[in-house]
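Here is the structure we will look at, set down as structure tokens.
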Amino acid sequence: MWNELPFDILSHIFSFLPPNSLAHAICVCKHWHYCSRLPAFPPRFLSWFLAMPFWRPRSTCCYARDPDQGTWYSLPMDFTAEPILLVSYLTGGLVLCRFASPALLRLAVCNPFTRQILALPDLLASRYKPVIGVITGTDSNSLSYYIVIVAGGTYDASYESTLEMYDSRRGGDGWRLVGPMPIEFAVRLTVWTPNESVHTDDGFLYWITSARAYSVVRLDLACWAWREVKLPMADRLDWAAIFKRRNGRLGLMGGSVGAMGQVWELDMQACDEWRTVSTVPSDLDMPFGRGSIKCAGAGDAAYLYSDLGSDMLVWSETEGKEGWNLVEGRSNSGINFSFFKAVSIHPSLSRSLF
């Protein structure tokens with residue numbers, strides 16, 4: 001009976017299996033193996049933590065943590081012809097990366113679990129250190145897609161004040177120029193923004209600026225309008241990071257040395273006011289140094305970390321697992337994991353790169 005299940009039903013069942021379990025399932029028969037390689041339904045398992053070092057010219061491995069088993073995996077990156085650096089999670093197990101070698105920005109889409117990489121077309125404008133934003137969604141056929149926004153950057157000692165967009169549904173069209181941006185935001189994003197973008201369900205794209213006092217730059221995707229959003233305790237925050245909450249709204253984690261970390265949510269209906277959602281319990285508060293904390297979050301979990309070898313603090317919003325927990329880092333003597341980029345990802349064994 002199992003061998004005769006239609007692909008859509010079997011794909012739906014497979015969407016509940018994390019990659020390590022799915023890898024065993026696809027060995028059962030050719031029917032299951034073929035179905036597992038097709039674009040699947042949205043995953044139903046907890047997101048994984050994926051970290052990619054950027055402190056050396058070529059990273060030989062990236063590292064993934066399965067939250068259900070508490071297990072770390074090393075994923076060899078020797079399938080790439082050029083060194084790549086992690087930018088952001090996309091969808092369907094895909095991550096957005098940039099090539100490390102050239103000074104000007106070149107992007108690629110990668111699935112580190114299936115060892116695939118696809119270089120995106122060259123940008124219309126030459127840009128050094130622009131800000132990158134990612135938008136994801138599902139089309140009328142229940143297939144996932146992604147949109148990449150590139151804004152700002154410098155070239156020939158001047159700031160580039162335009163936006164370009166790449167849509168995976170129109171991949172053959174390459175990049176499109178979608179509008180100008182105020183020069184003051186081009187400067188701020190180029191100089192003070194570390195490229196952690198958040199796309200919320202209300203149609204806005206956000207970046208946090210690292211200049212103290214911290215603030216958030218918001219792009220309205222309906223009309224390509226820019227504005228600044230003030231943060232709570234902005235002049236007292238020693239670290240801050242934004243992420244997308246499970247309800248689709250913008251979340252903020254932040255704190256200062258000697259004080260408990262907190263989680264806030266942006267309420268746009270209340271004139272961009274922030275409300276407190278949670279506070280780190282006193283018995284789990286971690287001694288993060290000034291500015292050393294980073295955040296990787298996507299809906300069901302947000303990770304706070306300083307380096308890959310130390311314990312990480314996780315705030316989970318998944319039903320039945322809400323709250324704060326400490327998880328073990330990926331300690332490995334002799335290797336420095338202080339410099340790396342991480343994302344919260346739902347791995348996939350699908351062979352599709354759109």
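Just so you know, all these numbers are worked out from the coordinates, no wet-lab data involved. None of the values given here were measured: they were computed from a predicted structure. FYI the Cβ positions are ideal-geometry reconstructions off the backbone, even for glycines, and counts take in every protein chain you see.
Say R0 is 25 Å: what FRET efficiency, to the nearest 0.05, do Arg227 and Arg169 get from their beta-carbon distance? Could you put the intermediate results ahead of the total?
On the way: r = 28 Å, r/R0 = 1.12.
For Arg227 and Arg169, the calculated efficiency is 0.35.
Show which lysines lie in cross-link reach of Lys341 when reach means a straight Cα distance below 29 angstrom and same-chain residues fewer than eight apart are skipped.
Result set, ordered by chain and number: Lys129, Lys230, Lys244, Lys294, Lys321.
Compare the peptides 190-202, 86-98 by average per-residue count of other Cβ atoms within 10 angstrom and give them in order, highest first.
Taking the mean over residues of other Cβ atoms within 10 Å, the ranking is 86-98, 190-202.
Grab the beta carbon distance between Glu322 and Glu184, set R0 = 45 Å, and tell me the FRET efficiency rounded to 0.05. Don't skip to the answer; put the middle values down first.
Working: r = 40 Å, r/R0 = 0.89.
Result of the calculation: an efficiency of 0.65.
Within segment 105-141, what residues put their amide N at less than 11 Å from the label point 7 Å along the Cα-to-Cβ vector of Ala234?
none
State the extension gain, in nm to one decimal, for the chain segment bounded by Phe54 and Glu82, taking 0.36 nm per residue of separation less the distance between their alpha-carbons.
That pair, Phe54 and Glu82, stretches by 8.8 nm at full extension.
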